[in-house]
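Below you'll find the structure, written out as structure tokens, and then a few comments.
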Amino acid sequence: MKPRIRQVLFDFDEVLARYHHEKRIAHLAVFAGCEHERVREVLFASGLETQYDGGAIETGDYLGRLGDGIGRVVDEEAWIASRLAGSIADVAMLERMAALDESLALGVLTNNGALMARAIPRIVAPVFHRLDGRVLCSGALRVRKPEPAIFAHALERLGWNAVTTLFVDDSFANVQSARKTGLHAETVTDARSFGRVLKRYALI
């Protein structure tokens, strides 16, 4: 007997949108007038992005350290612009999402810093009304996938029950962790694989 799914929780990068790491770096390099490698070093090699994604530092400190490192002040809008430059919505996935029954509650659980919650509405604007108020970032929860605690925190924030929630992610490690926490979870990398999952759970 198939479980009755009432909520679907989506990963973001590589599920609802394609993330182009190099395009984001290039955008910040042009913005700051510095070399690409400098941006890469400050943002990633230093561990700054990982710290922010895990909630170890606040947005102000993160932007301050990024700006100091690349030689130009980076405010929230400048950061969002760089993230938009590196993120392209998967149109086919958004179409699948838009076609889901309106009775299904939809949300996002992403390994990103808290500021990403301001970028996501712009990246997936055509379907954001289905997600509004239910976008959770690991930085705000202060724990990253695949740590099991993140799923418990997410369900508590959303007021959802694990047994009626389907979680989809491109990382099998995250899927495994979600399953151990009691959610239904499947690996999804594009609209085609998402369609197979929807059929499996009788959602289409």
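Being in a helix (DSSP H, G or I), closer than 19 Å to LEU63 by Cβ and touching a residue at least 40 places away in the same chain (Cβ under 8 Å) narrows it down to one of ARG122, ARG96, so name that one. Don't jump to the end; show me each part of the working.
On the way: ARG96 fails: closer than 19 Å to LEU63 by Cβ.
Of ARG122, ARG96, the one residue that is in a helix (DSSP H, G or I), closer than 19 Å to LEU63 by Cβ and touching a residue at least 40 places away in the same chain (Cβ under 8 Å) is ARG122.
Checking SER177 against (1) among the hydroxyl-bearing types (Ser, Thr, Tyr); (2) in contact with a Lys or Arg (Cβ under 7 Å, 6 or more places away or on another chain); (3) under 14 Å from GLN7 (Cα atoms), which single condition isn't satisfied?
(3)
Is it true that ALA85 is surrounded by fewer than 19 Cβ atoms within 10 Å (Cβ to Cβ), modelled with pLDDT of 95 or more and hydrophobic (A, V, I, L, M, F, W, C)?
yes
Residues being of a type in the set (Gly, Ala, Ser) and surrounded by fewer than 15 Cβ atoms within 10 Å (Cβ to Cβ): count how many of those fall in segment 156-204.
So the count comes out to 3.
Considering only segment 19-36, I want to know if a residue exists there that is in contact (Cβ under 8 Å) with a residue 40 or more places away in the chain and not in a helix (DSSP H, G or I).
The answer is yes, given that some residue of segment 19-36 is in contact (Cβ under 8 Å) with a residue 40 or more places away in the chain and not in a helix (DSSP H, G or I).
Among the residues of segment 165-183, are any among the polar types (S, T, N, Q), assigned to a helix (DSSP H, G or I) and more than 14 Å from the chain's Cα centre (by Cα)?
Within segment 165-183, one or more residues are among the polar types (S, T, N, Q), assigned to a helix (DSSP H, G or I) and more than 14 Å from the chain's Cα centre (by Cα).
Taking segment 59-93 as the region of interest, how many residues are part of a loop (DSSP other than H, G, I, E, B) and in contact with a Gly (Cβ under 9 Å, 6 or more places away or on another chain)?
5
When only residues in segment 1-50 that are among the charged types (D, E, K, R) and touching a Ser or Thr at 6+ places or on another chain (Cβ under 8 Å) count, which is modelled with the lowest pLDDT?
Ranking the candidates gives ARG4 first.
Which condition breaks for GLU102 when tested against (1) surrounded by 13 or more Cβ atoms within 10 Å (Cβ to Cβ); (2) outside the structural domain of VAL30 (by TED's automatic domain parsing); (3) part of a loop (DSSP other than H, G, I, E, B)?
Only one criterion is unmet by GLU102, namely (1).
Search segment 132-155 for residues being within 22 Å of SER103 (Cβ to Cβ) and not aliphatic (A, V, I, L, M), and hand back the single one that is modelled with the highest pLDDT.
Step one: filter segment 132-155 for residues within 22 Å of SER103 (Cβ to Cβ), giving 132-136, 154-155.
Adding the requirement that they be not aliphatic (A, V, I, L, M) leaves 132-134.
Values: ASP132: 94, GLY133: 95, ARG134: 98.
My answer is ARG134.
I need every pair where a residue in segment 143-155 that is buried (at least 18 other Cβ atoms within 10 Å of the Cβ) has its Cβ under 6 Å from the Cβ of a residue that is part of a loop (DSSP other than H, G, I, E, B), sequence separation at least 6 or different chains.
Filtered contacts from segment 143-155: ARG144/GLY54; ARG144/ASN111; LYS145/ASN111; ILE150/VAL143; PHE151/THR181.
The values are calculated or read from the model by the stated rules, or taken from the named source; none is laboratory data. This is a predicted model, so every value here is computed, not measured. Neighbour counts run over all protein chains shown; Cβ positions are idealised from the backbone, glycine included.
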